[in-house]
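These notes are about the structure you will find just below.
The values are calculated or read from the model by the stated rules, or taken from the named source; none is laboratory data. Just so it is clear, the structure is predicted and the values come from calculations on it, not from any experiment. Cβ placement follows ideal geometry from the backbone for every residue including glycine, while neighbour counts extend to all protein chains displayed.
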Amino acid sequence: MIRAVTLTVDGQSIEVPEGATLLDAATALGIDTPTLCWAANLTPVNVCRMCVVELEGARTLVPSCARKAEEGMVIHTDTPRVRTSRRMVLELLQSSVDTSTAPDLLAYAKRYGAEPARFGPHGPPANANERDAHHPGHHHVPAGAEAATVHQPRKVDNELYIRDYGKCITCYKCVEACGTDAQNTFAIAVAGRGFEARISTEYNVGLPDSACVYCGNCINVCPTGALMFKSEADLRDAGKWDEAKQTTTRTICPYCGVGCTLELTVQDNRIVRVMSPPEVSVTNGNLCIKGRFGVTYVSEGGG
Amino acid sequence: MDLHPISTPPTPEEVAAVNAVLGVDCAPDEPSGLRDAEARRHLLLPVLHALQARVGWVSPGGLGEACRRLLVPPAEAYGVASFYSLFATSPRPQTVVHVCEDVACALGGAEALCAAAEARLGPAGTPRDGAMWVRSPCLGLCERAPAAMVTKAGETPLTASWGNATVDELVAAARAGAGPERAEAAPAIPGVSLRLLRRVGVVDPGSLGAYRAAGGYEALRRAMEMGPNAVIREVTESKLMGRGGAAFPTGRKWQAVASQPVRPHWLVCNADESEPGTFKDRVLMEGDPFRLVEAMTIAAFAAACERGILYVRGEYPLATARLKHAISQAEAHGFLGADILGRGFSFHLELRQGAGAYICGEETALFASIEGFRGEPRSKPPFPVEVGLFGKPTLINNVETLCNVPDIVLNGGAAFAKVGTAQSTGTRLFCLSGHVSRPGIYEVASGTTLRALIELAGGVANGRALRAILLGGAAGTFVGPDDLDVPLTFEDTRRIGATLGSGVVVLFDDTASLLPHLQRIAGFFRDESCGQCVPCRVGTVRQEELLARISNRRPHGDVSREQALFADLSQCMKDASICGLGQTASSAIESAMKRFPDLWEGA
């Protein structure tokens, strides 16, 4: 039998089942907690620190996504301390990463009044593969005038999806989706360390030489558009990505008997992106290469 | 799990290096399950060490062989290999000379040495004639600054470190792939009552017989007569607190592990001493290695641990050699292994080496490192006493903490607590370096004042005036001449907003310009951040950039804007970082800027 735990969140008492997180408790009370690295279908890694809350009696703030509720805890989710840390996390990310295709992050930045320009203008982008070749434990002493970034050319090595790590906030979601949380393929992992920590295949080999099976589950969980359908990236590059002209249609994948739900983004009568809603229990947002990339034939014509 | 292998074949040398750790591969393609893979993952770090030592880098072929044997996905293994600074994932010269640039060495002429090295050997990181030199974080030889280390790969690999390094020695080391012959420096200076250091420099550290003749292993015998509960009682009564920096009551930790119903229990000794300015654990391990092995055996007996791991940082070659020898001697004479002293208690102790990552001194990162994963800390709770190494209850203690145990067992907790203050009991080792007359390790009673400690070391070098003291390490705090009367206890240092940390005391005289040192501290944390959480990964970068602007006198806007920025950065790193590294990465800098406000003007 699961026991109940009673705690106080922003002055309201709430009972949650044992094992529930502080985020679960806050959500149950209708409190909108910002998250970047958390997803319902992934194991919490609590690395983005966006969801931190104040726990009475604790020396530091605690990540609400991973911290389990305990009897008698008193939590505050909107104190000056909480707001400062959340705003700083956003400023740190925006000062170092291209967040232009990260809608949630941009909305949070507005909510918390992030001013990333305080750190100065963005520094120059790295050359292709420069960050991938970085040896840990060494860096050039900065002049400080510009804010170092992770900007770099995008990696395009296949026809299905692109990797634009200048937009990567290293939230670990893609690694989790590729690994034990969904696909068990382990094509990518975090390599390097510190500011040069990055998502990488072994020795930065291209995806065709890696273990990647093109399930695209990494794209499904990426919160910043660092991983993107090539069809979407090409349209964006051409200035033709137009959300006003897009419709979203849910359907069932035609390939096998599992019955995965597909969420098709259609623009100009072409399927430009295939996602899968995480809340559908059939596959929790996961697809295989066929459902993910094998349905564009409907608009290819010919035969 | 359907592993995608690396297609590059290994060289015969790489196969031999992997076999040397894993045994000869007689049934290469026999399928084995995920459970097997999980059980062998912990061998990844030793295999990477073997590859690095044999061929000078972790090549795709070598890593592929390791992955095939251990059933580790190549991307994950690459993530691990590329985490450690002593491993290279691209070709490197066989010989690498590492020159320490951290605080004590910087005060001891490291910059001049690096400049000379550049003139003679070329720019750092540039291969020349089969060798290259690189800058290194603290090598733990702070009493003999500046320090250097040489690593040479090959059939007979070598790692050697030495102090008072000269450029001629660096050049010779690059050429020969070996360090200079040095008489061992006096490791410690006699202090008040030498409890911890009494055998150091006196008793042959390579001889079990000499150790026993000097009272060694009497404590283990006594502990076994007393029984586990009585041992824990004495440790609790001694009020011993952790000497690694966190100052947690040792007895409470032991009791917590002992009472865990889940088995097995693990014992881990944290010998990943990497805090800049810290070298006390190295002195204990080099000078009295059997004491640590005996102490671990007592701890294992008390907390019912069947297995133990001694995790030593990769930059401590002499300590590693002596501990390995001590462990094998203890095994050969029935002090380790099955049925110790014929009393039915078994304890297996293994030494593991780090590979250049300060973060692995954080206990949960250390577990991840042993387990064969990236040295990334995880959130606590759960705490290691419940969920530690391999997910099992784990007793993890620092070297100095453990080394106090034999005396507590022999003389009783009350006798131990008679020295020191009511709250901070026993003696403590302090690492004096920088502008001090006689740098070295000093053992004094807790509660001795900072002034008395510095006088013991002969005061400020060359009779100069004192400007500042870095107390507790790079993660510690700067204090000034008016703080000299603070008693060195947990409670008194806390009262003045400082910390004892790992016993670091670095002196800066009135000629020292602090900003360059603060910049290096900031650079150190930037290099050593694991990169997992945003506040630390990006915050340490922004902190270093901010200090560079202050130092160049080119602030963004006026200085008050930079002050506000620093306050926000510091608060976020303290409040929202996952582990102690990020939480303390701004502490020394903040304390210095507060104490010396003219630093904000670039002074």
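Got at least one residue in segment B:518-534 being farther than 23 Å from B:C138 by Cβ and more than 7 Å from every other protein chain (Cβ to nearest Cβ)? No, every residue in segment B:518-534 fails to be farther than 23 Å from B:C138 by Cβ and more than 7 Å from every other protein chain (Cβ to nearest Cβ). When segment A:115-140 is filtered for residues that are buried (at least 19 other Cβ atoms within 10 Å of the Cβ), more than 11 Å from chain B (Cβ to nearest Cβ) and in a loop (DSSP other than H, G, I, E, B), only A:A126 remains. Looking across segment B:499-517 at every residue that is surrounded by 23 or more Cβ atoms within 10 Å (Cβ to Cβ) and aliphatic (A, V, I, L, M), the one that is nearest to the other protein chains (Cβ to nearest Cβ) is identified as B:L500.
Residue-wise test of (1) under 25 Å from the mean Cα position of the chain (by Cα); (2) crowded, with 22+ Cβ neighbours inside 10 Å.
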{"position": "B:G201", "(1), (2)": "yes, no"}
{"position": "B:R212", "(1), (2)": "no, no"}
{"position": "B:G215", "(1), (2)": "no, no"}
{"position": "B:V235", "(1), (2)": "yes, yes"}
{"position": "B:R243", "(1), (2)": "yes, yes"}
{"position": "B:A247", "(1), (2)": "yes, no"}
{"position": "B:R263", "(1), (2)": "no, no"}
{"position": "B:P276", "(1), (2)": "yes, yes"}
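Considering each residue of segment B:329-344 in turn, none proves to be within 30 Å of B:L432 (Cα to Cα) and in contact with a strand residue (DSSP E or B) (Cβ under 8 Å, 6 or more places away or on another chain). Any residue in segment B:522-541 that is among the acidic types (D, E), touching a Leu at 6+ places or on another chain (Cβ under 8 Å) and without any contact (Cβ under 8 Å) to a residue 40 or more places away in the chain? No, every residue in segment B:522-541 fails to be among the acidic types (D, E), touching a Leu at 6+ places or on another chain (Cβ under 8 Å) and without any contact (Cβ under 8 Å) to a residue 40 or more places away in the chain. The residues of segment B:119-162 that are crowded, with 22+ Cβ neighbours inside 10 Å, in contact with a Leu (Cβ under 8 Å, 6 or more places away or on another chain) and either under 22 Å from B:E13 (Cα atoms) or of a type outside the set (A, V, I, L, M) (or both), listed by number, are B:A131, B:W133, B:E143, B:P146, B:V150, B:T151, B:K152, B:S161. The one condition from (1) within 24 Å of A:N41 (Cα to Cα); (2) out of contact with any helix residue (DSSP H, G or I) (no Cβ under 8 Å at 6 or more places or on another chain) that A:N286 does not meet is (2).
Only one entry in A:S210, A:S281 is out of contact with any strand residue (DSSP E or B) (no Cβ under 8 Å at 6 or more places or on another chain), free of Cβ contacts under 8 Å to residues at least 24 places away in the same chain and buried (at least 20 other Cβ atoms within 10 Å of the Cβ), namely A:S210. Just a yes or no: is a residue in segment A:61-72 over 18 Å from A:G30 (Cα atoms) and more than 10 Å from every other protein chain (Cβ to nearest Cβ)? Within segment A:61-72, one or more residues are over 18 Å from A:G30 (Cα atoms) and more than 10 Å from every other protein chain (Cβ to nearest Cβ). Screening segment A:1-17 for residues that are in contact (Cβ under 8 Å) with a residue 24 or more places away in the chain and not β-branched (V, I, T) and picking the one that is farthest from A:A69 (Cα to Cα) gives A:D10. Residues that are within 14 Å of chain A (Cβ to nearest Cβ) and more than 15 Å from B:P276 (Cβ to Cβ) within segment B:115-148 comprise B:P123, B:A124, B:G125, B:T126, B:P127, B:M132, B:W133, B:V134, listed in sequence order.
Just one residue in the set B:L63, B:L71, B:L86, B:L51 is at pLDDT below 95, closer than 30 Å to A:C178 by Cα and out of contact with any Phe, Trp or Tyr (no Cβ under 6 Å at 6 or more places or on another chain); that residue is B:L71. Which residue pairs have Cβ atoms closer than 7 Å, lie 6 or more positions apart in sequence or on different chains, and pair a first residue in segment A:29-44 that is outside the structural domain of A:I169 (by TED's automatic domain parsing) and under 16 Å from A:P223 (Cβ atoms) with a second residue that is among the β-branched types (V, I, T) and not in a loop (DSSP other than H, G, I, E, B)? Correct list of pairs: A:T33/A:T27; A:A39/A:V221; A:L42/A:V221. At least 1 residues being at pLDDT 95 or above and among the polar types (S, T, N, Q) is the threshold, and among the helices (runs of 4 or more DSSP H) wholly inside segment B:223-341 those reaching it are B:228-238, B:250-258, B:289-303, B:317-332.
Annotation note: of B:E363, B:E331, the sole residue that is under 27 Å from B:P73 (Cβ atoms), away from chain A (no Cβ under 14 Å) and not β-branched (V, I, T) is B:E363.
Go through the residues of segment A:232-252 one by one and say whether even a single one is in a loop (DSSP other than H, G, I, E, B), in contact with a helix residue (DSSP H, G or I) (Cβ under 9 Å, 6 or more places away or on another chain) and acidic (D, E). For segment A:232-252, residues in a loop (DSSP other than H, G, I, E, B), in contact with a helix residue (DSSP H, G or I) (Cβ under 9 Å, 6 or more places away or on another chain) and acidic (D, E): present. Scanning segment B:63-83 for residues being within 7 Å of chain A (Cβ to nearest Cβ), assigned to a loop (DSSP other than H, G, I, E, B) and touching a helix residue (DSSP H, G or I) at 6+ places or on another chain (Cβ under 8 Å) gives a total of 1. Inspection of segment A:214-225 finds a residue satisfying the criterion of being of a type in the set (A, V, I, L, M) and closer than 19 Å to A:T101 by Cα. Any idea which of (1) touching a strand residue (DSSP E or B) at 6+ places or on another chain (Cβ under 7 Å); (2) crowded, with 24+ Cβ neighbours inside 10 Å; (3) over 18 Å from B:L569 (Cα atoms) is the one B:P481 doesn't satisfy? Evaluating B:P481 over (1) touching a strand residue (DSSP E or B) at 6+ places or on another chain (Cβ under 7 Å); (2) crowded, with 24+ Cβ neighbours inside 10 Å; (3) over 18 Å from B:L569 (Cα atoms) leaves (2) as the failure.
Taken over segment B:558-590, the criterion of being among the small types (G, A, S) and either within 9 Å of chain A (Cβ to nearest Cβ) or within 27 Å of A:E54 (Cβ to Cβ) (or both) is satisfied by B:A564, B:A567, B:S570, B:A576, B:S577, B:G580, B:G582, B:A585, B:S586, B:S587, B:A588. For segment A:183-198, filtering for residues that are out of contact with any Asp or Glu (no Cβ under 7 Å at 6 or more places or on another chain), more than 14 Å from A:V45 (Cβ to Cβ) and of a type outside the set (S, T, N, Q) leaves 7. Here the condition is being touching a helix residue (DSSP H, G or I) at 6+ places or on another chain (Cβ under 7 Å), without any contact (Cβ under 8 Å) to a residue 12 or more places away in the chain, more than 8 Å from chain A (Cβ to nearest Cβ) and of a type outside the set (A, V, I, L, M, F, W, C); of B:P555, B:P597, it holds for B:P555 alone.
Of all residues in segment A:284-303, those satisfying the criterion of being crowded, with 20+ Cβ neighbours inside 10 Å and either touching a Pro at 6+ places or on another chain (Cβ under 6 Å) or aliphatic (A, V, I, L, M) (or both) are A:G285, A:L287. Here A:T265 does not qualify as among the hydroxyl-bearing types (S, T, Y) and either over 30 Å from A:V97 (Cβ atoms) or assigned to a helix (DSSP H, G or I) (or both).
Looking at segment B:228-236, can you tell me whether even one residue there is in contact (Cβ under 8 Å) with a residue 24 or more places away in the chain and within 16 Å of B:G140 (Cβ to Cβ)? No - not one qualifying residue is present in segment B:228-236. Can you pull out the residues in segment B:345-392 that are in contact with a strand residue (DSSP E or B) (Cβ under 9 Å, 6 or more places away or on another chain), of a type in the set (G, A, S) and part of a loop (DSSP other than H, G, I, E, B)? Of everything in segment B:345-392, those that are in contact with a strand residue (DSSP E or B) (Cβ under 9 Å, 6 or more places away or on another chain), of a type in the set (G, A, S) and part of a loop (DSSP other than H, G, I, E, B) turn out to be B:G354, B:G356, B:S379, B:G388.
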